[in-house]
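The values are calculated or read from the model by the stated rules, or taken from the named source; none is laboratory data. Model, not experiment: these values are computed from the prediction. Cβ placement follows ideal geometry from the backbone for every residue including glycine, while neighbour counts extend to all protein chains displayed. All accessible areas refer to the heavy atoms of the entire protein, side chains included, with ligands and DNA or RNA removed. Shrake-Rupley method; radii C 1.70, N 1.55, O 1.52, S 1.80 Å.
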Amino acid sequence: MNAVVRGLDAAPTLGIASATGVDARLVLAGPGARSLAFLLDWLIRSALATIYMLLASWLLLGNFHFDIGPDDDTLWYLAGVLPATAIYFLYHLILEPLMAGRTPGKRLAGLRVLTPEGQVPNVGALITRNVFRIIDSMPLFYVVGLLFVFFGRQHLRLGDLAAGTVLAIERAPFLEKLAVQGEWRAARQRAAALSRRRGSDVDDALQVVEDYRRAAHGVSAARMSKDPGAAQSAEYLEAVYSDLHDTIHRPARRTLLVLLSLMRDQVPAAMSAMRVHLLSVILLFIASAVTGAWLVYTYPDLIALFAGPQLIATVERGELWTDGLLNVTPSAVLSVSILTNNIVVSFFAFCSGIIFGLGTFYIMGMNGLSLGAIFAFTDQHDLAGRLFDFIIAHGCVELSCICIAGAAGAYIGEALIRPGERTRSEAFRAAAATSIRVLAVVTLLLLICGFIEGYVSPDPEVPRWARVTIGVGYWLFMISLLRGYVFGRSRGGDPVPI
């Protein structure tokens, strides 16, 4: 069992049970260290995005002033704006898994994301903590995240609670040059080498195990010592012992088996666990859509609550706002723009479940009302059939994905309301781990939806039968994927061992 105690300078320290009988200790980062790391990362990602934009402007546009020519819009958006935006917003999401729980800012600040057991989190946990940045950053300047960090005993933000991670101080790099015991420096280097080439040399592995045993004795003696002059050496030994503990207990990463298990077993199991929530969200969406349609049929002027003046004027002229869409926006740009919007809506429907599910139900209800109202409004002007033609190819899966994301958010909300025998934080963490698997598949499905909505849906040359075939066929593929049949799952089949 982990226990939080106070270490040097009153910093919270997490004790980790060890087979040696001597607990390893992680010094947890406080608000100041977290803020410094975030500020450094913000400066780095802002600088990288800005530098990329300047280089792209010079290479693509021939100037540093972002003067875009009439024929450069698509190229600039896809090769200039889009990559720079990805650099800024996906910085943490990509770098933390690649750098084993670090980012450049965290490395400079001497911090690292770990599990409470002192190990590097798996990719799913690192993605989860970054998805919940959406809530941590609200309403602005990370107010929610800072409140959790300031008032939490372990200084964890909401994303850490969802992922089951902590932000620890990496003490060894800062104490390396001051260490007087060269043997422990060598032991730490052997552990780092073994982590990079796990399983390639049995003798090296046995030597690291022996280093771990000797470090345990050294740490135990240092903790009982009353010599004030040995504090610095003891602190370095504590850090080395934590590194050795991480190296020995870190599980092997079998990526292909993990992915197979995710798609074949874990996602279907998660869908089964949240089936009641999915049914509730679907019924809410349908009821909201019917209500929105009834309101506009009964009180036509209420369409102003659901649509802007330009859309209303376009429909009243007997046209759809989607007419000639490809003449205004190229398919590639349209696909990326639609994809981004759909993913953002899905992620908000998911993350807003933290408000005990109320945020999820609000988002789903408002989307249902808007869809029903707009369909009723277009039907009043004999345009519902054309709107159906535009939506059917992508809408079956797109709307389903948004409902599934909403169900995942409601699943988290119920875990907070009814945690059962677990604490709320434990129930929240378990629900987030289950639902994030579904959200990963939803994101993949929305990628293809964006392509369909950019290339097929607005193309007037595509006949209705082809649109229906694409929409229904892709929807059936989605059902098969979420049920695990695409990867050979049978009813009652055994999970893939990992």
- prompt: If you rank 311, 237 by how much accessible surface each has, with a 1.4 Å probe, what is the order from largest down?
  reply: 311, 237
- prompt: residue 273 versus residue 94, label points 7 Å from Cα toward the beta carbon: distance in nm?
  reply: 3.0
message: I'd like the distance between the alpha-carbon centres of the stretch 149-164 and the stretch 82-125, rounded to an integer number of Å.
response: 16
statement: Cβ-Cβ cut-off under 15 Å around residue 146, Lys and Arg +1, Asp and Glu -1: the net charge is +1
message: Using only Cα atoms and rounding to the nearest 10 degrees, what angle (0 to 90) does helix 331-351 make with the longest principal axis of the chain?
response: 60
- prompt: Which whole-number value in Å² is the accessible area per residue of the stretch 317-426, probe 1.4 Å?
  reply: 43
task: Determine the sum of side-chain charges near residue 44: Lys and Arg each +1, Asp and Glu each -1, restricted to other residues whose C-beta is under 15 angstrom from that of residue 44.
output: +2
query: So, with a 1.4 angstrom probe, what is the percent of accessible area on the chain that is carbon and sulfur?
result: 66
message: Could you compute the longest span of the chain free of trypsin sites (Lys or Arg not before Pro) located in DSSP loops and having at most 10 other Cβ atoms within 10 Å, not counting the site residues?
response: 318-490
query: In the full protein assembly as shown, how much of residue 322 is accessible to a 1.4 Å probe, in Å² to the nearest 10?
result: 10
message: Tell me the relative contact order for the chain as a rounded percent, counting alpha carbon contacts under 8 Å between residues six or more apart.
response: 15
task: Work through the residues other than residue 133 whose Cβ is under 12 Å from its Cβ and net out their charges, Lys, Arg +1 and Asp, Glu -1.
output: -2
- prompt: Once both axes come from the Cα atoms, what is the angle between helix 464-483 and the longest principal axis of the chain, in degrees from 0 to 90, rounded to 10?
  reply: 30
